[in-house]
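Below you'll find the structure, written out as structure tokens, and then a few comments.
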Amino acid sequence: LWGFLICLALGIILSWVSIAFVGKPDKFAICYTIGNIIAIIASGFLVGPLRQLKLMFAPTRFVAAIIFFTMMGLTLWVALDLKKRGLC
């Protein structure tokens with residue numbers, strides 16, 4: 001339970017802190033993406049990492065999970081490689 005609470009709090013804090021970096025796409029993308037990943041890891045503490053992956057990629061959630069991870073990857077690509085603030 002402590003792992004869940006700590007990871008969830010850290011993920012939320014990082015996601016909120018990323019708002020301060022809206023003008024700097026690289027810092028925003030890194031902070032926001034890490035915050036999201038840590039928040040996902042938090043729920044793994046409650047159900048276990050293997051079951052977490054099975055639940056995320058269940059047939060009813062598969063498309064949403066793929067879109068979510070694709071958008072995180074695209075955000076990092078646009079911010080770090082293309083350096084496009086508006087797209088990020």
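Are there trypsin sites (Lys or Arg not before Pro) in region 1-74 that DSSP marks as loop and that have at most 16 other Cβ atoms within 10 Å, and which are they?
For trypsin sites (Lys or Arg not before Pro) across region 1-74 that sit outside H, G, I, E and B with at most 16 neighbouring Cβ atoms in 10 Å, the list reads Arg61.
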- Diffusion coefficient, µm² s⁻¹, Stokes-Einstein with Kirkwood Rh over alpha-carbon pairs of region 3-70 at 37 °C and 0.692 mPa s: 259
- Message: Compute the angle between helix 62-77 and the longest alpha-carbon principal axis of the chain, please, reported from 0 to 90 degrees and rounded to the nearest 10.
- Response: 30
- Query: Taking the chain, how many lysine pairs are there with alpha carbons less than 27 Å apart, if each pair must be eight or more places apart or span two chains?
  - Reply: 4
- Note on the structure: With every protein chain kept in place and a 1.4 Å probe, the chain has an accessible area per residue in Å² of 69
- Item | Using alpha-carbon coordinates, inclination of helix 2-17 to the longest axis of the chain, degrees | 20
- Item | Within the accessible area of the chain (1.4 Å probe), percent carbon and sulfur | 76
- Query: Rounded to the nearest 500 deg cm²/dmol, what is the calculated helix-only ellipticity per residue at 222 nm for the chain, with -39500 (n - 2.57) per DSSP H run of length n ≥ 4?
  - Reply: -23500 deg cm²/dmol
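The values are calculated or read from the model by the stated rules, or taken from the named source; none is laboratory data. Worth saying up front: this structure is predicted, and the values here are computed from it rather than measured. We place every Cβ from the backbone using ideal geometry, glycine too, and count neighbours over all the protein chains shown. Note: areas computed on protein heavy atoms with side chains; ligands, DNA, RNA excluded. Shrake-Rupley method; radii C 1.70, N 1.55, O 1.52, S 1.80 Å.
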